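Notes follow the structure.
The values are calculated or read from the model by the stated rules, or taken from the named source; none is laboratory data. Keep in mind that what you see is a predicted model, and the values were worked out from it rather than measured. Here the Cβ positions follow ideal geometry from the backbone for every residue, glycine too, while neighbour counts run over all protein chains shown.
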């Protein structure tokens, strides 16, 4: 059991065992709700109402909650070279889901939001303002071009 937890932590870039326990807690709550619904009669209105939602949740267990985390999705979308670098990008507020900047690596991404993961718009990667060095080099190049034109005119 301990080795499987270490493998999960390494594969999905989890920081500590608390993150593994949190996922285990969510799964146990879903299983408990399923057991409670199965105890009810088939015609019970509560069972009829909550049954479909629970079926969708149980289907999501097969896909694995760890695969749905933002940290893993950033790696899959090739915004980061490694799972650890993906965690750094997220923690430094460099990623967004839709228009919302997200800085929580354990954020669970919905299927419809999966294609909207990208760099933040304020970053140079996302089309925002360029960095200090880039602006300095561009200014120097513009100055050189402007200075070169004056020499040709003389």
Handout entry: The listed residue being exposed (fewer than 14 other Cβ atoms within 10 Å of the Cβ) and within 30 Å of residue 123 (Cβ to Cβ), out of 71, 92
Key = 92
Practice task
Output the residue which, of all residues in the range 111-120 that are without any contact (Cβ under 8 Å) to a residue 24 or more places away in the chain and touching a strand residue (DSSP E or B) at 6+ places or on another chain (Cβ under 9 Å), is farthest from residue 66 (Cα to Cα).
Solution key: 116
Practice task
Answer yes or no: is there a residue in the range 121-139 that is in contact (Cβ under 8 Å) with a residue 24 or more places away in the chain, surrounded by 14 or more Cβ atoms within 10 Å (Cβ to Cβ) and within 20 Å of residue 11 (Cβ to Cβ).
Solution key: no
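To keep it simple, each residue is scored yes or no on (1) within 15 Å of residue 12 (Cα to Cα); (2) in contact with a strand residue (DSSP E or B) (Cβ under 6 Å, 6 or more places away or on another chain).
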residue	(1), (2)
44	no, no
68	yes, yes
71	yes, no
75	yes, no
87	yes, no
93	no, yes
103	no, no
Exercise for the section: Could you tell me whether residue 58 is buried (at least 16 other Cβ atoms within 10 Å of the Cβ) and either modelled with pLDDT of 80 or more or out of contact with any helix residue (DSSP H, G or I) (no Cβ under 6 Å at 6 or more places or on another chain) (or both)? Expected result: no
